Structure formats: structure tokens, C-alpha cells
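Asks: Below you'll find the structure I mean.
The values are calculated or read from the model by the stated rules, or taken from the named source; none is laboratory data. What you see is a predicted model, and the numbers here were worked out from it, not measured in a lab. Positions of Cβ are backbone-derived with ideal geometry, glycine not excepted, and every protein chain shown enters the neighbour counts. Note: areas computed on protein heavy atoms with side chains; ligands, DNA, RNA excluded. Shrake-Rupley method; radii C 1.70, N 1.55, O 1.52, S 1.80 Å.
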Amino acid sequence: MNHSTTIIHAPYGEGSPYISTLAERTPQNPVGGDMVTLGFLTAPGSPDTAVTLHWMRNARRQTPIGGRAQWRCASFDQWVFELGVVEAGDAVSYWLEIEAGGAQVESEHYQFVARRLRRLCGLTGICRQEESVTVTLLDEEGKPGPLLSLATPAGHPTMIRFTVEYKQPDGSPSVAADTALVTTGSGLQLELGEADGLLRLQWPEHALDLPLHIRWQEEGDGTLAAVELSGALQKDETLVGFGERFDAVNQRGRALDTIVYEQYKNQGNRSYLPMPFFFSNCGYGCLVEGTSYVHYDLGRTMPDRWRCLAQAGGSQRVSVDWFGGKPLHIVRAFTALTGRPDAPPPDWVFGPWMSSNEWNTQQRVEQEVATTFDLAIPATVLVLEAWSDETTFYIWNGARYTAKSGTDSFRLEDFAFPADGPWPDPQGMVDRLHAADLRLVLWQIPALKANEEAHAQHDADVAYAVRHSYVMRKSDGSFYRNPAFWFHNALIPDFTQPEAAEWWLEQRAYLLEQLGVDGFKTDGGEHLQGHDVCAADGRCGSELANAFPNLYVGAYHRFAQRLRTGDAITFSRAGYTG
């Protein structure tokens, strides 16, 4: 049997959470009861080409499915096959076979195991401690599932942490299963309705009364894949939060998710800075811990119900923090948990800022600054975007220098600035800006650009980063390259590695230490897509994509604060909770 790369099937598509491809599996992670559809692309063939999908369910061969091309063009033929409905736990393998002119071509073999969806219908094995309670969840068949732990973390008396995970319970059950429990310290009441399987959290002291339906998904090996929570929406209930949103303040009636994503213009409810946190005017707030993907349906499918589906991620658990009380109290409790500024920014941050992407020479910048002051327009910060060579992002455009191997970082004296270049005297420019009480912030991007033309320094940086594995990888060990349109095919530095972050930032040290630059516009941060992008610390997929902006910005922030003794800033468009 001949194998060929002319057959293309990407079960998870190209990694975009919003853009489907012609050669992916739908759904990408089937759950029992789902109809599964498979897309393939092949090289253009003749009308008599025979294309057949072969598949096995639970190691038993199924009836092959003959195909008809859904789409033909000069570049490819597209084929779509419907496997039908899969049952929970089904282990499915499949491959495509093409026969033309007496020759056969077979694709790679692909597999999945359909997830199992289970619903809470009972409780057992209850352990009560001073400030917490742990119970084992029972599904509709009376089979034990994961543990549900409820606790009031130390230092956060106005919240409940609700954790679902598979683990050994701490100690022996101390209470037989019943329908109402009260923890001894916090006053939390937990009640399960036997008739409707409704779990009710009541905390009278903090005005929390929350009826919930709970379901969970298990992978084929029995590990926790996701947890689904749902509840009723009151007639006039509003839901506010979810991070930076461009479509509405009240998100009721919408479906949205938490994935850091660069949507160029017309963002809708796609966001550079999502947060899995919201609060209701009915007296409760909700935060899903961690950075794994969370999807919300806030009365869009069913106008009187909200739904939250949280992926378990690498931690194999889902933790949800519930807050009770008025909105002000909820926000205070949320920020106390996730972090508040440890110090206010420098005073100069609070004046008017000036910036333009077209200010790409020293002459233009100084001309604009002079005009600003001639017109008595106040300004305290100048942001330069088009200052660098657009490849290294740390060398001034037009500077002359001898390329380094990547081991040593540059100092100011390593550069010569031609008088007829775009930036003939960066040091003098910075000094004059500071003399006029104007601070300078420079644009940055976390990417090793894929250049079409040779660039000695950038090529050396790429080789050094690859040699030391300072960039993101795929789950198969190959280097990850950005699939999105902005900085397409770029390598992405791995800020989970202290050595990688230090190497990256030291290249920029001369800007802060010698030139006196006052901070960075830490742009970008949305370059990670797909389930198989992985960092050195073990995080992969959406869990890593949502964590990356904070890793990147945090590294720059600490670096700038250290070199400028606290008198520096970073500002960014991408981020996540914390």
C-alpha cells in the first residue's frame, strides 16, 4: 500500500477557535451522542477516482463509506463523511483510501475516544472539616464520579471555592449521605434535591442562594475533561464582566468564551483580554480558576438559563469561586483574590499621551513634539511604534553594527547611527524628551519573525533560540509557528523558561540602562492557537494560550521595574485574569 501526503486531514483544524477548515473533524472532541463528520482534502483527481473512508468502532470494522467530492477546484478536492452518532466510550479509528488507475493511496490512521457525559443525581462519602466539605458525586446510574469540594479559603471569608476533581478523599467519610449539609465554620448550606438533581448552595450571611445543575465530561480513560454548570436566569437579571468585551456591558442573551484572540477589527465578542469572571445583580459572582478554555451560554439558547462549560486542562480539575453580596463587595473580593496593584504607577503616566505609527524618523518625532509644545498641548508620554528595524525589535532602524552570535547582548556603544539615517542620535533625542518632561515608551512584539530575506542578527537570534529550545513547541516536539496572519509563521519565545526570558530581555537592556527609555508597549501576545502548542512547563493548548500574555507582559514589567528602579511602565492589549 502506498502512502501519500496528498491526503490532508487535520482533526483539530488549524488551531483557530473561530475559523473552521475543510479538512477537520466536527466536533473536534466528540461526546457520546454527537454526530461526527470528517473532512478530507486530496489532490485533484479524475471523476472515476474511488475514495473510501474505512473505520473501526471498538476494534470492529464498520461498513466502509464511499465518498463524493463536495468541492472540486484546481488545487484540491474536498470530501466529507458522516460517521453517524457515536456512543460514550466508543474508540474510533479511521483512514481514507483512494483508488485510481489500479493504484491505491492510504492516509494516516486517526483515532478518538468519545467522551462520556454524566449528570449529578446523588451524593455519597461525605467528609466534613472545620471550614470545608467534600462529597463524592453520583451520576444517573448511581455510579461514583469525581469529588466535589467546597471550602472557604483562608483570608477570603466572602467566597466559596467549588472544586471538581478525581482524587482520593482526605480521611474517611464522617457523615452519611443526606440532602442537607452545613459546614461548621462558614454557615454554608449544601442541599441536593432528590427529584430534580438540583444542587443548592446557600450562604445566608453573604446573600448567596444558588441552585445549580452539574454535569461532567470524562475522557475515554476516565479522567476529567470538563465540568458543566447551569442555572436559572431571573426575569430582570443582568450579567456583567467576562473581561474586555466590545459588544455590550450586559452579556445576557449572548454566547461567549474565554480565549485570548487577535480579531483585527469588528471584534464582536472576541477578545484580546477575556476573563472567566462575571457577577449578577441577583447577588452572586463567579470566577473559574486557571487559564483553561471556558464557554458560556448566557440565555442565548434558552432565554431563562445560563450555562458554563469549563475544560479541566492539564490540572485535571475545575475550580470555581462563588462570591455573594452586592456588586461592590463581589468586585472587592475578586480583586483581593486575583491581585491588585502593589503600587500606583509613576505620576507621569497620568498625563496625556501622544503616539502615531507614522512617526518613523527622529526628524518627524522632534517636529511633532515641537508642534505639540508650540500649541501648548500638554503631554507626558511619547509612544514610538515604528522605531526598530521591524525584525529584531531591539535595534534602531538604520543603525550600523556587527552581528553577534546570540550569546552576548548589545550595548549602546556597539551601534553607529549614520547622520543621514532615520535615527541619527537616539541618545540625544531621549535626553531632549526628558528635559521637556516627556517620557519615552517603545513598541515590542513577542515573536521571532519569519523573514523572507536574510538578516544577519535576526538569523543568529533564531538559530540561538532554536538551539537552546527557547521557543514554543508542538506536542510532537516540532517547533510551533504562528498560524495567524499577523507575524505568520513566526517562532514564539517561551516565557515559561527563566533562561529564555532572560536571554530575550537582555537584548533590550541597553534601551533602559543606557538610553533611559521609560518602558515598553508590550503589544501582541495572542499568537498561540491550537490544542498542541506546548511550553516547557508542560502547559498546552488554550491553557497556555490564555496564560501567555501574562507571562510575556509580566517578564517585561519586572525587567523594566528592576532596571529603572520602579520608574517604568509596560502597557498591553492582551491579558487574562490576574
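Asks: Looking at region 559-578 only, could you name the residues that are open to solvent by less than 30 Å² (accessible area, probe 1.4 Å) and in a helix (DSSP H, G or I)?
Replies: F559, A560
Asks: Step by step: first the residues of region 440-451, then only those that are outside any loop (DSSP other than H, G, I, E, B) and under 17 Å from A509 (Cα atoms), then the one that is farthest from the chain's Cα centre (by Cα). Which residue is that? Walk me through how you get there before you give the answer.
Replies: Taking region 440-451 and keeping what is outside any loop (DSSP other than H, G, I, E, B), we get 440-444, 448.
Imposing the further condition that a residue be under 17 Å from A509 (Cα atoms) reduces the set to 440-444.
On the way: L440: 30, V441: 27, L442: 25, W443: 22, Q444: 20 Å.
Ranking the candidates gives L440 first.
Asks: Identify all residues within region 32-48 that are crowded, with 17+ Cβ neighbours inside 10 Å and either touching a Gly at 6+ places or on another chain (Cβ under 7 Å) or not acidic (D, E) (or both); write none if there are none. Can you show your working first?
Replies: Going through region 32-48, the residues crowded, with 17+ Cβ neighbours inside 10 Å turn out to be 32, 34, 36, 38-42, 45.
Matches in region 32-48: G32, V36, L38, G39, F40, L41, T42, G45.
Asks: Output the residue which, of all residues in region 331-350 that are out of contact with any Ser or Thr (no Cβ under 7 Å at 6 or more places or on another chain) and touching a residue at least 60 places away in the same chain (Cβ under 8 Å), is surrounded by the most Cβ atoms within 10 Å (Cβ to Cβ).
Replies: L337
Asks: Quick check, is P483 under 30 Å from P346 (Cβ atoms), outside any strand (DSSP E or B) and either touching a strand residue (DSSP E or B) at 6+ places or on another chain (Cβ under 9 Å) or open to solvent by 20 Å² or more (accessible area, probe 1.4 Å) (or both)?
Replies: Here the answer is no, as P483 does not meet what is asked.
Asks: For region 291-318, name all the residues that are modelled with pLDDT of 95 or more and either β-branched (V, I, T) or in contact with a helix residue (DSSP H, G or I) (Cβ under 9 Å, 6 or more places away or on another chain) (or both).
Replies: T291, S292, Y293, V294, T301, Q311, V318 - these are the residues of region 291-318 that are modelled with pLDDT of 95 or more and either β-branched (V, I, T) or in contact with a helix residue (DSSP H, G or I) (Cβ under 9 Å, 6 or more places away or on another chain) (or both).
Asks: Tell me, please, whether a residue that is within 23 Å of Y293 (Cβ to Cβ), assigned to a loop (DSSP other than H, G, I, E, B) and of a type in the set (G, A, S) can be found in region 507-523.
Replies: Within region 507-523 (the criterion being within 23 Å of Y293 (Cβ to Cβ), assigned to a loop (DSSP other than H, G, I, E, B) and of a type in the set (G, A, S)), the answer is no, since none of the residues qualifies.
Asks: Does D221 meet the test of being exposed (fewer than 13 other Cβ atoms within 10 Å of the Cβ), under 33 Å from the mean Cα position of the chain (by Cα) and either modelled with pLDDT of 90 or more or of a type in the set (D, E) (or both)?
Replies: Details: exposed (fewer than 13 other Cβ atoms within 10 Å of the Cβ): yes; under 33 Å from the mean Cα position of the chain (by Cα): yes; either modelled with pLDDT of 90 or more or of a type in the set (D, E) (or both): yes.
Answer is yes for this residue.
Asks: If you don't mind, there's one more thing I want to ask. Based on what the data block shows, is G89 part of a strand (DSSP E or B) and over 30 Å from Q263 (Cα atoms)?
Replies: No: the conditions fail for G89.
Asks: Tell me whether region 209-218 contains one or more residues that are modelled with pLDDT of 85 or more and more than 23 Å from M302 (Cα to Cα).
Replies: Yes, region 209-218 has at least one match.
Asks: Return the pair list, or none, for Cβ contacts closer than 6 Å from residues in region 13-31 that are modelled with pLDDT of 95 or more and open to solvent by 20 Å² or more (accessible area, probe 1.4 Å) to residues that are part of a loop (DSSP other than H, G, I, E, B) and among the charged types (D, E, K, R), at least 6 apart or on different chains.
Replies: P27/D34
Asks: What are the pairs, 6+ residues apart or on separate chains, where a residue within region 406-422 that is in a loop (DSSP other than H, G, I, E, B) has its Cβ under 8 Å from a residue that is open to solvent by 50 Å² or more (accessible area, probe 1.4 Å) and acidic (D, E)?
Replies: The qualifying pairs are S409/E506; F417/D425.
Asks: Contact list please: Cβ distance under 7 Å, first residue in region 555-566 and in contact (Cβ under 8 Å) with a residue 40 or more places away in the chain, second residue open to solvent by 50 Å² or more (accessible area, probe 1.4 Å) and in a helix (DSSP H, G or I), pairs at least six apart or on different chains.
Replies: L563/E513
Asks: Given the criteria closer than 26 Å to E543 by Cα, touching a residue at least 24 places away in the same chain (Cβ under 8 Å) and surrounded by 18 or more Cβ atoms within 10 Å (Cβ to Cβ), does Q251 qualify?
Replies: So Q251 passes the test.
Asks: Could you please find all residues in region 223-235 being more than 22 Å from Q189 (Cα to Cα) and touching a residue at least 24 places away in the same chain (Cβ under 8 Å)?
Replies: Correct list: T223, L224, A225, A226.
Asks: Condition first: of a type in the set (D, E, K, R) and at pLDDT below 90. Can you find one or more residues in region 130-139 that meet it?
Replies: Yes, region 130-139 contains a residue that is of a type in the set (D, E, K, R) and at pLDDT below 90.
Asks: Show the residue pairs that are 6+ apart or on different chains and have beta-carbon atoms under 8 Å apart, the first residue being within region 494-515 and among the β-branched types (V, I, T), the second being open to solvent by 10 Å² or more (accessible area, probe 1.4 Å).
Replies: What qualifies is T496/A535; T496/A536; T496/D537; T496/R539; T496/L551.
Asks: Of all residues in region 240-256, count the ones that are part of a loop (DSSP other than H, G, I, E, B) and among the hydrophobic types (A, V, I, L, M, F, W, C). Even if it seems obvious, please write down each step before you answer.
Replies: Going through region 240-256, the residues part of a loop (DSSP other than H, G, I, E, B) turn out to be 244-249, 251-254.
Add one more test, that the residue is among the hydrophobic types (A, V, I, L, M, F, W, C), and what stays is 246, 248-249.
Going through region 240-256 one residue at a time, the tally reaches 3.
Asks: Also: Can you tell me which residue among G313, G285 is more than 22 Å from G525 (Cβ to Cβ) and in contact (Cβ under 8 Å) with a residue 24 or more places away in the chain? Spell out the reasoning first.
Replies: Values: G313 fails: more than 22 Å from G525 (Cβ to Cβ).
So the residue among G313, G285 that is more than 22 Å from G525 (Cβ to Cβ) and in contact (Cβ under 8 Å) with a residue 24 or more places away in the chain is G285.
Asks: Would you pick out the residues in region 249-289 that are at pLDDT 95 or above and on the phi > 0 side of the Ramachandran plot?
Replies: The one that is at pLDDT 95 or above and on the phi > 0 side of the Ramachandran plot: G253.
Asks: Does V381 count as open to solvent by less than 60 Å² (accessible area, probe 1.4 Å), touching a Ser or Thr at 6+ places or on another chain (Cβ under 9 Å) and in contact (Cβ under 8 Å) with a residue 24 or more places away in the chain?
Replies: So V381 passes the test.
Asks: Suppose we filter T124, T63 for residues that are outside any strand (DSSP E or B) and hydroxyl-bearing (S, T, Y); which single one remains?
Replies: Working: T124 fails: outside any strand (DSSP E or B).
After ruling out the rest, the residue left standing is T63.
Asks: Please indicate, with yes or no, whether at least one residue in region 538-557 is among the small types (G, A, S), within 20 Å of the chain's Cα centre (by Cα), over 28 Å from E413 (Cα atoms) and in a loop (DSSP other than H, G, I, E, B).
Replies: yes
Asks: If you check L505, L515, which single one turns out to be at pLDDT 95 or above, of a type in the set (A, V, I, L, M, F, W, C) and buried (at least 19 other Cβ atoms within 10 Å of the Cβ)?
Replies: Sole residue among the options that is at pLDDT 95 or above, of a type in the set (A, V, I, L, M, F, W, C) and buried (at least 19 other Cβ atoms within 10 Å of the Cβ): L505.
Asks: Then there is this: What residue, among those in region 195-218 that are without any contact (Cβ under 8 Å) to a residue 24 or more places away in the chain and within 18 Å of E140 (Cβ to Cβ), is surrounded by the fewest Cβ atoms within 10 Å (Cβ to Cβ)?
Replies: In this case the residue turns out to be A195.
Asks: Another question, if that's okay. Only residues that are of a type outside the set (S, T, N, Q), surrounded by 17 or more Cβ atoms within 10 Å (Cβ to Cβ) and within 37 Å of the chain's Cα centre (by Cα): list them for region 355-378, please.
Replies: W359, V365
Asks: Same structure, new question: Anything in region 32-64 that is under 37 Å from the mean Cα position of the chain (by Cα), within 30 Å of E218 (Cβ to Cβ) and of a type outside the set (G, A, S)? List them, or say none.
Replies: Hits for region 32-64 are D34, M35, V36, T37, L38, F40, L53, H54, W55, M56, R57, N58.
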